[in-house]
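The values are calculated or read from the model by the stated rules, or taken from the named source; none is laboratory data. Not measured: the values here are computed from a predicted model. A quick note on method: Cβ atoms are made from the backbone with ideal geometry, for glycine too, and the neighbour counts reach across all protein chains shown.
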Amino acid sequence: MKYISTRGDQTPRRFCEILLEGLAPDGGLYLPVSYPVIDAAKLARWRGLSYAELAFEILSLYIDDIPPLDLKALVDRTYTAEVFGTAAITPLTALEPGLCLEGLSNGPTLAFKDMAMQLLGNLFEYELGRRGEQLNILGATSGDTGSAAEYAMRGKKGVRVFMLSPHGRMSPFQQAQMFSLQDENIHNLAVEGVFDDAQDIVKAVSNDLEFKRAYRIGTVNSINWARLLAQVVYYFAGYFQATKSNDEQVSFTVPSGNFGNVCAGHVARQMGLPVKHLVVATNENNVLEEFFRTGTYRVRASSETYETSSPSMDISKASNFERFICDLVGRDGARTKALFHDAIVGEGAFTLTAEEFARVAGYGFQAGRSTHADRLATIRATFEGQGVLIDTHTADGVKVARELCEDGVPMIVLETALPAKFEGTIAEALGSEVKAPRPAALADLESRPKRFQVVPADTQVVKQYIRDHVPL
Ligand SMILES: *Cc1c(COP(=O)(O)O)cnc(C)c1O
């Protein structure tokens, strides 16, 4: 399998060449030249597989530059009951007739990003070891991504993580989760400022190409193709659990921000998984919901980006969306570039032609939006009605799924985090007597010793910290 850019660069690259990269050199995102289509015989065979076996089959279709035995060992090490809590890895929970949850948040940081990041940690260690290289991952986080990256990379040979977070602005749980890691290769930098200050420092360091090269700075952001690929697996796993035969169809509802999770659903559907609808559920930051309703994709200014109670979906633009648009316009790199580069840089928005927009329905997408009040009501109704406690992001999904559910088509809502991460909003919905259960291993999390460094919001200080901790 070869990979090309969404913006027209047709240079064929192999999986391990793009594994450690972010954007393609022309500013686009990497896509496989084509999606392998799974025939009926293969789909029938896959139904009986364990999660790790299924992951190996799917990854093998896209990765041909890691020897199969090595890839198999790596996948088997990643998707274990020890790391993800159950043998099913992504178990289904029935909510009501026709509606169930697929649990994606039983990994170490209690959010779905572990599903991909845990694999990425093992892939990075493998590829860096093979090349005899090192990589220093620099990122900014307001919560989920940073902790998922740290838990994936902790103790990995050849990798260091420098994670910037806004000092004193994460929830006590999130802060403890990251700062309690004692691994030598994990560096928590608490920036005296807000998330945007941390993000600006990351951008400034990455724009210093000489520094970036000298200190081998890399990222693990959601546009990484390997992350997206890892996510394709649980659409298949969810389908097999929700159906008895491959003649049946299901729909998925996906709580969405950057379009990363649901883009993996799009890939699974293109591979022939019998998916009727892919329902995109947004919060008040409805960039995607607006697009699927109107055909206009409008990036928001920071003044128009709201802080909500489903914070991991508070986005101003959807970084992975370009992959779907590229498919929608028939892989026309010039058109994709015109839409994303010229339009976004020029006007902050683009509108598809009527003919292009008409094609969207053929990809199965639907969309809906949920607000803080909806979230609270949904958490309450689901707890009181079904006895199931869900987190705020999953609640956005359940709210929209209930509106768009169809008779005869099971609807699978992807559960993207555990409620234990969002105790404040859970208490607001249910009263402070109801405590979200926490995995036993995390009972004492907040009282563990913390390891972090407070730094001013100053790029030079962060660069100096990296110089002091990376041997040249
Ligand atoms: C990251 C995240 C999302 C959004 O996922 P995208 O891939 O950005 O659409 C939703 N819920 C939770 C809990 C997350 O951490």
(Q) Restricting to the stretch 202-243, count the residues that are within 16 Å of the ligand (Cβ to nearest atom) and over 22 Å from the mean Cα position of the chain (by Cα). (A) 0
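Among the residues of the stretch 130-143, are any of a type in the set (D, E) and in a helix (DSSP H, G or I)?
no
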(Q) Based on this model, can you work out whether G265 counts as without any contact (Cβ under 8 Å) to a residue 40 or more places away in the chain, under 24 Å from Y79 (Cβ atoms) and crowded, with 24+ Cβ neighbours inside 10 Å? (A) yes
Q) When the stretch 191-203 is examined, which residues are found to be surrounded by 15 or more Cβ atoms within 10 Å (Cβ to Cβ) and hydrophobic (A, V, I, L, M, F, W, C)? A) V191, F195, A198, I201, V202
**Q.** Given (1) in contact (Cβ under 8 Å) with a residue 12 or more places away in the chain; (2) surrounded by fewer than 18 Cβ atoms within 10 Å (Cβ to Cβ); (3) away from the ligand (no atom under 16 Å from the Cβ), number of the condition D444 does not satisfy
**A.** (1)
Q. Do we have any residue at all in the stretch 311-333 that's crowded, with 21+ Cβ neighbours inside 10 Å and of a type in the set (G, A, S)?
A. yes
Q. Looking at the stretch 302-338, which of its residues are under 17 Å from L288 (Cα atoms), among the hydrophobic types (A, V, I, L, M, F, W, C) and not in a helix (DSSP H, G or I)?
A. I315, A318
Q. Inside the stretch 355-389, can you point out the residues that are within 24 Å of H266 (Cβ to Cβ) and either hydrophobic (A, V, I, L, M, F, W, C) or not in a helix (DSSP H, G or I) (or both)?
A. F357, A358, V360, A361, G364, F365, Q366, A367, G368, R369, S370
**Q.** Residue that is surrounded by the fewest Cβ atoms within 10 Å (Cβ to Cβ) [pool: residues in the stretch 268-282 that are part of a helix (DSSP H, G or I) and more than 15 Å from the ligand (Cβ to nearest atom)]
**A.** Q270
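Out of the stretch 147-174, which residues are more than 22 Å from R77 (Cα to Cα) and within 16 Å of the ligand (Cβ to nearest atom)?
If the condition is that a residue be more than 22 Å from R77 (Cα to Cα) and within 16 Å of the ligand (Cβ to nearest atom), then M163, S165, M170, S171, F173, Q174 are the ones that fit.
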Q: For residues that are among the small types (G, A, S), within 16 Å of the ligand (Cβ to nearest atom) and in a helix (DSSP H, G or I), tally how many sit in the stretch 413-441.
A: 2
Q: Restricting attention to the stretch 15-53, report how many residues are closer than 18 Å to N122 by Cα and assigned to a loop (DSSP other than H, G, I, E, B).
A: 3
(Q) Of everything in the stretch 5-51, what is of a type in the set (A, V, I, L, M, F, W, C), surrounded by fewer than 18 Cβ atoms within 10 Å (Cβ to Cβ) and in contact with a helix residue (DSSP H, G or I) (Cβ under 6 Å, 6 or more places away or on another chain)? Give them in sequence order. (A) C16
Q: Would you be able to tell me the number of residues in the stretch 68-118 that are in a strand (DSSP E or B), at pLDDT 95 or above and over 22 Å from M313 (Cβ atoms)?
A: 2
Q. What is the number of the single condition among (1) within 13 Å of the ligand (Cβ to nearest atom); (2) without any contact (Cβ under 8 Å) to a residue 12 or more places away in the chain that D332 does not meet?
A. (1)
**Q.** Where D196 falls short, out of the listed (1) closer than 22 Å to R467 by Cβ; (2) more than 16 Å from the ligand (Cβ to nearest atom); (3) in contact with a helix residue (DSSP H, G or I) (Cβ under 8 Å, 6 or more places away or on another chain)
**A.** (1)
Q.
Residues that are farther than 27 Å from R375 by Cβ and among the acidic types (D, E): does the stretch 451-468 have at least one?
A. yes
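Regarding F291, is this residue buried (at least 17 other Cβ atoms within 10 Å of the Cβ) and either more than 12 Å from the ligand (Cβ to nearest atom) or not hydrophobic (A, V, I, L, M, F, W, C) (or both)?
Criteria met by F291.
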Q) Of the residues N246, N285, which is touching a Phe, Trp or Tyr at 6+ places or on another chain (Cβ under 9 Å) and within 11 Å of the ligand (Cβ to nearest atom)? A) N285
